[in-house]
2 protein chains.
Amino acid sequence: MDYKEEIKVFSSFLKRRGLKHTDQREEILKAFLSEEKHLTADDLYLLVMKKNPAIGHATVYRTLKLLCGANLASEIYLKDNRVCYEHKYGHRAHEHMVCVHCGKTIELRIPEIESLVKKVEKEHGFKLNDYALKLSGICAKCGKDTK
Amino acid sequence: MDYKEEIKVFSSFLKRRGLKHTDQREEILKAFLSEEKHLTADDLYLLVMKKNPAIGHATVYRTLKLLCGANLASEIYLKDNRVCYEHKYGHRAHEHMVCVHCGKTIELRIPEIESLVKKVEKEHGFKLNDYALKLSGICAKCGKDTK
DNA sequence: ATGATATTGATAATCAATATCAAGTAGGGG
DNA sequence: CCCCTACTTGATATTGATTATCAATATCAT
Ligand SMILES: [Mn+2]
Ligand SMILES: [Mn+2]
Ligand SMILES: [Zn+2]
Ligand SMILES: [Zn+2]
């Protein structure tokens, strides 16, 4: 767990943009990478706090934006459309299915989506950055409970 | 443009839930139906104001939630993930493509999505309410401008 | 018409996310 | 290694959208 690869990616991103590599930024990146799941900015803030209580709220928000810029993280919108972040570096595109009752989130892999999306992109002259497919409903467990 | 159908749907929804049919609610529904596009709660508030300046901000928010409950409206999330509302009654499911630069939104119809989604639903024992596919990128016009 | 109950609109409160800004730091050039 | 300057930081205030509160009012089954 040294995250050497990701740190290098982040460093070169920062340099390319004339930004500085600070201890806070690296600590936040490491904390982010240490949890293989969907985190809100505040979740990450709490995580970072445990290691270094001096790091400010705003810095976590700012750094998450940078991580997205460096393609190390991506924003996603799950339950109640709260902004969450997930790992992007070395992770394939995927879709999400969210239980509107308990919030449980399942990651899907529907490869057919990609080509459908590509086709549409061409048809409309769009230059596509990204796409997101979110299914919402009631998970098996909640369906049983409320029956 | 008397919206008779929709008003009846709304009325029976309200009755079924033990809620009351008020002038404000009907006015807000009519204003909502009068614009065939994606509106924020505040967009709708401004629209309603023109007809009846006495109607409060909060009532518009509250009524939009009811319209969603009655399947007359649905929430969507476009640029910057602002909450918008669109007509649902008598409208087929569709997908959206949004330009991250200018906000231009195109409605798509990708019928293949439906069956893909249904398949996944079964596989995971979910009871699906809804799904949303959003493509984001740079539209043809913005692509030309920034070239 | 009556009365229980839902609704309204002004207002305050909340919440996540940003902006501000003085003090501190990184890091390239010398 | 030191300087200088532009970038960063963290505390704090601010924003902007949405929701909660609550006294006054309207609805509707009876
Ligand atoms: Mn995911
Ligand atoms: Mn639409
Ligand atoms: Zn569930
Ligand atoms: Zn555009």
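Read phi for every residue in region B:63-75 and hand back ³J(HN,Hα) as whole Hz from Karplus 6.51 cos²θ - 1.76 cosθ + 1.60, θ = phi - 60°, with x for Gly and Pro.
Each residue of region B:63-75 in turn: 5, 4, 4, 5, 4, 5, x, 8, 6, 8, 9, 9, 6 Hz.
Placing unit charges on C-beta atoms (Lys and Arg positive, Asp and Glu negative, everything else neutral), compute the dipole magnitude of region A:1-99 about its Cα centre in debye, rounded to 20.
440
What are the nm distances, shortest first, from A:R82 to its equivalents in the other copies, labels at 7 Å along Cα→Cβ?
Sorted ascending, the copy-to-copy spacings read 2.4 nm.
Label points 7 Å out from Cα along the Cβ direction at B:A93 and A:E114: separation in nm?
Result for the modelled spin labels: 2.3 nm.
Show which lysines lie in cross-link reach of A:K20 when reach means a straight Cα distance below 20 angstrom and same-chain residues fewer than eight apart are skipped.
List returned: A:K4, A:K8, A:K30, A:K65.
Can you check what the Kirkwood hydrodynamic radius comes to for region A:92-147, Cα pairs only, in Å to one decimal? Numbers along the way, then the final one.
Values: mean 1/r = 0.0763 Å⁻¹.
It is 13.1 Å.
Between chain B and chain A, with a rotation axis joining them, whose C-beta in B is nearest that axis, and what is the whole-Å distance?
For the rotation taking chain B to chain A, the closest Cβ gives B:L133, 2.
Could you work out how much longer the chain between B:D2 and B:I106 gets when fully extended? Use 0.36 nm per residue separation minus the Cα distance between them, nm to one decimal.
Full extension from B:D2 to B:I106 adds 34.7 nm.
Treating only the Cβ atoms of Lys and Arg (+1) and Asp and Glu (-1) as charged, compute the dipole magnitude of the protein assembly as shown about its Cα centre; round to the nearest 20 debye.
It works out to roughly 80 debye.
In sequence order, what are the phi-derived ³J(HN,Hα) couplings for region B:5-21 according to the Karplus relation 6.51 cos²θ - 1.76 cosθ + 1.60 with θ = phi - 60°, rounded to whole Hz, with x for glycine and proline?
For region B:5-21, the Karplus-derived couplings read 4, 5, 5, 5, 4, 5, 4, 6, 4, 5, 4, 4, 9, x, 9, 9, 8 Hz, x marking Gly and Pro.
What does the structure give for B:105-114 when I average, per residue, the other chain Cβ atoms found within 10 Å of the residue Cβ? All intermediate terms of the calculation are to be shown ahead of the outcome.
Numbers: counts 0, 4, 0, 5, 1, 5, 1, 5, 6, 0.
Partner-chain Cβ atoms within 10 Å, mean over residues of B:105-114: 3.
Number of Lys-Lys pairs in region B:92-147 under 23 Å by Cα, sequence gap 8 or more or different chains?
10
If you scale each eigenvalue of the Cα gyration tensor by 5 and take the root, what three semi-axes come out for chain B, rounded to whole angstrom and sorted largest first?
The answer is 30, 23, 12 Å, longest axis first.
What are the equivalent ellipsoid semi-axes of the protein assembly as shown, built from the alpha-carbon gyration tensor (square roots of five times its eigenvalues), in whole angstrom, biggest first?
In descending order, the three semi-axes are 38, 22, 22 Å.
Using the Karplus curve 6.51 cos²θ - 1.76 cosθ + 1.60 with θ = phi - 60°, what ³J(HN,Hα) values do you get for each residue of region B:99-105, in whole Hz, with x for Gly and Pro?
Karplus-based 3J(HN,Hα) across region B:99-105 equals 7, 6, 8, 10, x, 3, 10 Hz.
In whole angstrom, how far apart do the alpha carbon centroids of region A:122-147 and region B:73-147 sit?
Cα centres, region A:122-147 to region B:73-147: 10 Å.
Computed from the coordinates by the stated procedures, all read-outs in this text should not be read as laboratory data. Note that the structure is predicted; figures quoted are calculated from it, not measured. Note that we place each Cβ from the backbone using ideal geometry, even for glycine, and neighbour counts take in every protein chain shown.
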